[in-house]
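> What follows is a structure written as structure tokens; I'll ask about it next.
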Amino acid sequence: MITGNKEIERAYWNQGKNNEQYEENNFTVWTDRMAREKIIGHLDKILCDSTYIVADLGCGPGHILPYLSPLCGTVMKIDYAEEMLKVAESRNTDLTNIVYKHDDMRDLQRWYDTFDIAIATNSILPNSIDDADQMVIEIFKSLKEGGVCVAVMPSIETSNWLARLQYKSYREDGLSEEDAKREVYKEFEEKSFDGLFGFMRDGPENLVQKYFYYKEIKYMFKEAGFNILSLEELPYGWEHSRKYGYGYFPGEKEIFDWLVIAEKPNSESLSTNLT
């Protein structure tokens, strides 16, 4: 059974102080054109009121700030890695409607019923199933009625897809079926891949992170009380994938995460803006 360590997790994300090294080594949604344009396409429909309070949960170095700032009243940048908040703030000194707060997504009690929109792009990836469930519940509670969550969830299906593509590549190189399977197993064993519960150990710090199945995401968000407005693949270009060591198979279907748009129910629903 693969298990994580919260202290290792916190130390890993605090690498924001080593800014260049951190961004060189970490897969980022906002630097991939395909993914970025798809998310912004949804946000353009939702950010329809300049008075909205928008939370960027697990904000990291603040890639999305220049886009969000002119479209809403206040952006709350929330992260439990203080160094990441410092990086985000230092990059965006010209933006005057940003508030930086050090908080943990597992406990957003002081923000209950505060946000019109909550954005969580690959920040719901703790080393615990219970923590992942709790994060979704806390996001739900932090939203006003009728508020919308836009979340990118790491996809476990992508690991299965990459394994299939790697197998095909080994076979084309002349390996037997058994040898090709053995090579793929070897690569995933190095990451302590847990396909049952969706955990994987990756990086030099042996960080354990949670990945999610489609039906698992639907279950989590509905259990928290959300209405799911859409749940779809968020593809990444193969060049972006190759840069971060996730494989390069141009011409094949891209790797992807899950993009979730979910609403906290209200009689006057923001969901009308998505139709």
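The values are calculated or read from the model by the stated rules, or taken from the named source; none is laboratory data. Since the model is a prediction, treat every value here as computed from it, not as a measurement. Every residue, glycine among them, receives a Cβ derived from its backbone with ideal geometry; neighbour counts consider all protein chains shown.
> Suppose we filter region 255-275 for residues that are assigned to a loop (DSSP other than H, G, I, E, B), modelled with pLDDT under 85 and either of a type in the set (A, V, I, L, M, F, W, C) or exposed (fewer than 13 other Cβ atoms within 10 Å of the Cβ) (or both); how many remain?
Within region 255-275, residues that are assigned to a loop (DSSP other than H, G, I, E, B), modelled with pLDDT under 85 and either of a type in the set (A, V, I, L, M, F, W, C) or exposed (fewer than 13 other Cβ atoms within 10 Å of the Cβ) (or both) number 3.
> For Gly247, work out the one condition from (1) more than 15 Å from the chain's Cα centre (by Cα); (2) closer than 19 Å to Ser123 by Cα it doesn't fulfil.
The one condition Gly247 does not meet is (2).
> I'm trying to understand the selection: among the residues of region 204-226, which are at pLDDT below 85 and either aromatic (Phe, Trp, Tyr) or farther than 16 Å from Asn122 by Cα (or both)?
Pro204, Glu205, Asn206, listed by residue number.
> Any idea how many residues of region 171-198 are within 23 Å of the chain's Cα centre (by Cα), over 16 Å from Tyr246 (Cα atoms) and of a type in the set (A, V, I, L, M, F, W, C)?
Final tally of qualifying residues: 2.
> Still on this model: When the residues of region 13-43 are narrowed to those that are modelled with pLDDT under 80 and not in a helix (DSSP H, G or I), which ends up nearest to Ala120 (Cα to Cα)? I'd like the intermediate steps shown before the answer.
Of all residues in region 13-43, those modelled with pLDDT under 80 come to 13-28.
Adding the requirement that they be not in a helix (DSSP H, G or I) leaves 18, 26-28.
Numbers: Asn18: 23, Asn26: 16, Phe27: 15, Thr28: 13 Å.
Taking the candidates together, the pick is Thr28.
> A further question on this structure: Out of Leu108, Leu162, Leu143, I need the residue that is more than 15 Å from the chain's Cα centre (by Cα), within 21 Å of Lys218 (Cα to Cα) and either crowded, with 16+ Cβ neighbours inside 10 Å or not charged (D, E, K, R) (or both). Which one?
Leu143
> Let me ask you something else. Under 6 Å between Cβ atoms, at least 6 apart or on separate chains: pull out the pairs that start in region 150-176 with a residue that is free of Cβ contacts under 8 Å to residues at least 40 places away in the same chain and over 23 Å from His42 (Cβ atoms) and end on any residue that is in a helix (DSSP H, G or I) and of a type in the set (A, V, I, L, M).
That search, which allows pairs on different chains as well, returns Ala163/Val184; Tyr167/Ala180; Tyr167/Val184; Tyr170/Ala180; Arg171/Ala180.
> Oh, and also: Answer yes or no: is there a residue in region 174-191 that is of a type in the set (Lys, Arg) and within 21 Å of Asp79 (Cβ to Cβ).
No.
> Something else about it: What is the number of the single condition among (1) of a type in the set (Ser, Thr, Tyr); (2) in contact with a strand residue (DSSP E or B) (Cβ under 6 Å, 6 or more places away or on another chain); (3) within 24 Å of Asn266 (Cα to Cα) that Tyr112 does not meet?
Exception for Tyr112: condition (2).
> Separate question: For Glu252, are the conditions met, namely being part of a loop (DSSP other than H, G, I, E, B), modelled with pLDDT of 90 or more and more than 19 Å from the chain's Cα centre (by Cα)?
In short, yes.
> I'd like the full set of residues that are closer than 22 Å to Arg106 by Cβ, surrounded by fewer than 21 Cβ atoms within 10 Å (Cβ to Cβ) and out of contact with any strand residue (DSSP E or B) (no Cβ under 8 Å at 6 or more places or on another chain), limited to region 61-91.
Hits for region 61-91 are Glu83, Lys86.
> Test each condition in (1) within 18 Å of the chain's Cα centre (by Cα); (2) crowded, with 19+ Cβ neighbours inside 10 Å; (3) more than 19 Å from Gln134 (Cβ to Cβ); (4) small (Gly, Ala, Ser) for Ser230 and report the one that comes out false.
Just one mismatch for Ser230, condition (2).
> Determine which member of the set Ile2, Ile53, Ile46 is β-branched (Val, Ile, Thr) and at pLDDT below 65.
When all the criteria are applied, what remains is Ile2.
> Next up: Out of Val184, Val136, report the one residue that is in contact (Cβ under 8 Å) with a residue 40 or more places away in the chain and among the hydrophobic types (A, V, I, L, M, F, W, C).
Exactly one residue qualifies, and that residue is Val136.
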